[in-house]
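Written below as structure tokens is the structure these notes are about.
The values are calculated or read from the model by the stated rules, or taken from the named source; none is laboratory data. Here the structure is a predicted model, which means the values were calculated and not measured. Neighbour counts run over all protein chains shown; Cβ positions are idealised from the backbone, glycine included. Note: accessible area is taken over every heavy atom of the protein model, side chains too, but ligands, DNA and RNA are not part of it. Shrake-Rupley method; radii C 1.70, N 1.55, O 1.52, S 1.80 Å.
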Amino acid sequence: MYGDGQILNPLVAYPYLALLNNVSQAWAMYCLIIFYRATYQELAPIRPFYKFCTVKAVVFLSFWQGQTLLFMVKMQWIKVSQRETKTDYDAAEVATAMQEFLICVEMFFAAIAHSYAFPPSEYFGTFIFGISICALTVCLYGLCVHRCSDSDGTAYDGQHKGHVRPA
Amino acid sequence: MVLREDGDQRAVMSGLFRKILKTVWVFINIVVLIALALSAWDMHRNRRAAHFIAWFVAGVFVLLAVPITFYEVAQHLENYRMPRLQRHVIRILFMVPIYAVDCWLALRFKDGTIYFDTIRECYEAYVIYNFYTYCTVYLQEFCNPGLEQIIARKPPAKHIWPMSIFLEFPRMGEPFLRLCRHGVINYVVMRPLTTSVRFFLFPPYGQLEC
């Protein structure tokens, strides 16, 4: 009734659910992109580009990887001779297992990428007179960015209030 | 602005300690990866089943990946200066151990794949939402005019090409933010929904075969 991977069979639920997922995912991704496009100047102090890339890489690439593997099963590029390899897996299960195996391996690299994209050092900093140095640099950087954007003609008196520690 | 000397020294020592730890860790990782390649090849030569080797290799990678993230999270918690931002960062970082362990279990227990997939896909949507919230919280709390004002002062934009044919771009300001928010939340709702439909269509629930 579900028919995993039977993308051209109109009698099972899989193609509809896959289509729904794809559209909804593409729309979410598109919304993130237009949000990024509108605010990248203000987000500059937190280096949004790497953060966008790592988060998207993990979520969307793993999805497309799964789709590619299913496609490869469909095209019979993945075949299993169960007697030879001593397994009880069929081709679709092999594709799923490959996907899981690849995610396990990729997560190692994703962990490293995350540690560069979301470094704790962004929030380090000795407190001097109650103002965090790190927040101060964020604040100064923000001022520079706003100066630049002021000279471009998009004027507003944007001052970062970075030293305000949210409760 | 005089820093106490012992505090200064401690900072230097902990920096040094971190550097040594990092070097040792990189070294250990390289050794483990080489040993892993050799042992996988050895297993292949001794005619072990393919899935057995896959479990083993994937397991080692998971064991390497999880401590990195836990170290990162611990560092964030140690310097928990901006809880409203770091809360989201920690949730995003937790994606790695959750994905990794979940996938390894799915690989090991083949019949439970559907349950593990469900968990993973729901967390994925949650991470996307958290990332969006992270950006908006930053703009709201740390930039002066506030999120809505910043957006409102932007010049009007257009949709990127294929969308620009069908859709009109909303006014910059509240409507634009609403579009983005709904776009992201749509995925957070849709993903668990389709996954749960799949969950109930799968055996043992979906016994009816076409």
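The 1.4 Å probe gives accessible areas that order A:Ser24, A:Ser121, B:Ser39, largest first, as A:Ser121, B:Ser39, A:Ser24.
What are the semi-axes of the equivalent ellipsoid for region A:9-126, taken as the square roots of 5 times the Cα gyration tensor eigenvalues, largest first, in whole Å?
Value: 37, 21, 8 Å, ordered largest first.
For region B:96-177, pairs of C-alpha atoms spaced more than 20 angstrom apart make up 59 percent of the total.
All other residues whose Cβ lies under 10 angstrom from that of A:Glu122 are scored, Lys and Arg at +1 and Asp and Glu at -1, for a net of +2.
With Cα atoms as the point set, the radius of gyration and Dmax of region B:35-94 evaluate to 17.8, 54 Å. With all protein chains kept in place, the per residue accessible area of chain B amounts to 57 square angstrom at a probe of 1.4 angstrom.
Over all pairs of different C-alpha atoms in region B:15-161, the reciprocal of the mean inverse distance, the Kirkwood hydrodynamic radius, equals 19.0 Å. Coupling constants for region B:182-199 follow from the phi torsions by the Karplus curve (6.51 cos²θ - 1.76 cosθ + 1.60, θ = phi - 60°), and in residue order they are 5, x, 6, 5, 3, 6, 4, 7, 5, 4, x, 5, 5, 5, 6, 4, 4, 4 Hz; glycine and proline get x. Model label points for A:Trp64 and B:Ser196, set 7 angstrom from Cα along the Cα-to-Cβ axis, are 3.0 nm apart.
The mean number of partner chain beta-carbon atoms within 10 angstrom of a residue's beta-carbon across peptide B:188-201 is 4. Remark: region B:51-66, residue by residue, has Karplus-estimated 3J(HN,Hα) of 5, 5, 4, 4, 4, 4, 4, 4, x, 5, 4, 4, 5, 6, 6, 4 Hz, where x stands for each Gly or Pro and the curve is 6.51 cos²θ - 1.76 cosθ + 1.60 at θ = phi - 60°. How high is the relative contact order of chain B, in percent, with contacts defined as C-alpha pairs under 8 Å that are six or more residues apart? This gives 15 percent for chain B. In the complete set of protein chains, residue-level accessible area for B:Arg91 is approximately 80 Å², probe 1.4 angstrom. Accessible-area rank, largest first, for B:Phe199, A:Phe71, B:Phe142: A:Phe71, B:Phe199, B:Phe142, with all protein chains present and a 1.4 angstrom probe.
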